[in-house]
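Beneath this line is the structure, given in structure tokens, with notes to follow.
No lab work stands behind these numbers, since they all come straight from the coordinates. Just so it is clear, the structure is predicted and the values come from calculations on it, not from any experiment. Here the Cβ is made from the backbone with ideal geometry for all residues, glycine too, and neighbour counts use every protein chain on show.
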Ligand code: AMP
């Protein structure tokens, strides 16, 4: 399956979760066994080329692709979690959303000094989530040079924001619009 075949498996829902948003829904991609397998394989090839030693994925959809890529490559997986979920002492980062703020937390003891960790998520829009994850992982001592996504929404500028923070961005497909 090519990235174009995978793109055809993404469902677009207009005006979700609010008016004006075109929600790019991966549910239909991951429900297709061949589609899921091919998207994980393509992500894994690109992650392997970037020399990652571990994978970090953001709750919740980043867990699906990130953990699968980690298994494919025999690497460890670091969950970047929503607040209050980890049962140990965490470090966290607050970041701005379009309306309000959100927070990500990790267990810093899961990360070795200068470990090369690749970020994997389903989609990059404004880049706020991925940039916060990169900053948090760096704070724990990781080297973050690459972030991999199934979908990029280039018009929202997230990929450029990550590149400005010295994180190379790679996506299997782009969609136009917000
Ligand atoms: P952002 O922080 O703006 O890059 O958004 C990151 C997260 O929000 C992604 O991991 C997606 O899960 C979700 N998201 C944002 N915009 C969309 C969209 N148009 N369709 C589907 N998911 C989205």
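What separates the Cα centres of segment 13-55 and segment 94-136 is a distance of 17 Å.
For the pair residue 32 and residue 85 in one chain, pulling the backbone fully straight at 0.36 nm per residue adds 16.1 nm over the alpha carbon distance. Here each label is just a point 7 Å from Cα along the line to Cβ, and for residue 95 and residue 13 those points are 2.3 nm apart.
To the nearest µm²/s, what D does Stokes-Einstein give for the chain at 25 °C and 0.890 mPa s, using the Kirkwood radius over alpha carbon pairs as Rh? Kindly include the intermediate steps, with their values, before the conclusion.
Working: Rh = 16.3 Å.
The estimated diffusion coefficient comes to 151 µm²/s.
The modelled label-to-label distance between residue 23 and residue 103, using points 7 Å beyond Cα along the C-beta direction, is 2.6 nm.
Relative contact order for the chain: 18 percent, from Cα pairs under 8 Å spaced at least 6 residues apart, divided by residue count.
Per-residue ellipticity at 222 nm from helix content only, as computed over the chain with -39500 (n - 2.57) for each DSSP H run of at least four residues, stands at -9500 deg cm²/dmol.
Across segment 152-173, the residues whose backbone nitrogen lies under 19 Å from the label position 7 Å along the beta-carbon direction of residue 53 are 167-168. A straight chain from residue 126 to residue 138 at 0.36 nm per residue would run longer than the Cα-Cα distance by 2.3 nm.
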